[in-house]
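The structure under discussion appears below in the form of structure tokens.
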Amino acid sequence: MTSTLTGTTVLRERRGAALWLRLNRPDVLNGIDQDVLDGLTAGLDAAAADPDVRVVVLAAAGPAFCAGADLRYARSLADVPAPPGSASAGNAFLHRVRAVLDVVESFPKPVIAAVNGIAVGGGLELLLVCDLVVASRTARIGDGHAVYGQIPGGGASVRLVRRLGLSTAKHLLFTGELHPAERYLGTDLVVDVVDPDELVPAVDRLAATVAGRSPVGLATMKRLANDAHDTPLPVAVLRELEASALHERSADWREGITAFAEKRTPDFPGH
């Protein structure tokens, strides 16, 4: 099932059990401003409230995925006077960016990125909080901040190290260079690279596969996996064991076991 597009700055489209959120500022390479953050927040809220939405896909209109913050918008914030003792408008914007990225990273439903073109700066930081990234062969990915004397404000210096390792992260941070998506294939960033005209079909297939799994199980596994990096191994394994015991009380667990015994595909109720 595919529904009509809604929204303006961030378009929403239902494709089966997936809600696609498509950045829609192609004239500025989908640069992030307050409207984009509001659109992403509204889209994620809609996905969270709809039990029939089991996967979220982040995509973009035009030739770019996201070139980071809209610099014209960012420059305009520099002219906004800050009340005494308050953060500047620019700093407040970065805090809002961080908050939205944190929501994506901890979102209980899987989030897939469909990367059609350039993903740099905040665009890269958006990829780093997605669970799975599928990219077109035309996509180019990098940090980019160093080129114009900036530093990341959305977590790239932390998440790049955790995803790709210290040396690779420093190379991307220090050079600011963009690289073809295929360079990241086999790393902890990109799971698949496809021809441009195959990007949407490939993501549709992946989303359909993931949507067919237990929503309860996926939410639990996502939380455990996200927490694993900062958790001592014995503690992390114990948490998994405790989560497994709790999961056995769910209708999804019972449906999975029943479907296995009956040699049929499970139809998970999502609770």
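A short reminder: the numbers here are calculations on the coordinates, not readings from a lab. Quantities reported herein were computed from a predicted structural model and do not represent experimental measurements. Virtual Cβ from ideal backbone geometry, glycine too; neighbours counted across all protein chains shown.
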Binned at 5 Å starting from 0, the alpha-carbon pair-distance distribution of the chain in whole percents comes out as 1, 6, 12, 16, 17, 16, 13, 9, 6, 3, 1, 0, 0, 0
For the Ala259, Ser106 Cβ pair and Förster radius 35 Å, calculated FRET efficiency rounded to 0.05 is 0.75
Rounded to the nearest 10 degrees, the helix 215-228 long axis (Cα) sits at an angle to the longest Cα principal axis of the chain of 50 degrees
P(r) of region 215-262 over all Cα-Cα pairs, 5 Å bins starting at 0, rounded to whole percent, reads 4, 21, 25, 20, 14, 9, 5, 1
Output ordering of 61-67, 93-99 (per-residue mean of other Cβ within 10 Å, highest first) is 61-67, 93-99
Quick calc: nm separation of the 7 Å Cα→Cβ label points for Ala92 and Asp50 -> 3.2 nm
If one compares the long axis through the Cα atoms of helix 199-211 with the longest principal axis of the Cα atoms of the chain, the angle in degrees, nearest 10, works out at 40 degrees
Here the relative contact order (percent) of the chain, from C-alpha pairs under 8 Å and at least 6 apart, is 15 percent
Residue span Glu242 to Thr168: 0.36 nm per residue of separation minus Cα-Cα distance leaves a gain in nm of 23.1 nm
Cα extents of region 14-56 per principal axis, largest first, Å, are 33, 18, 9
Of all C-alpha pairs within region 112-271, those more than 20 angstrom apart amount in percent to 60 percent
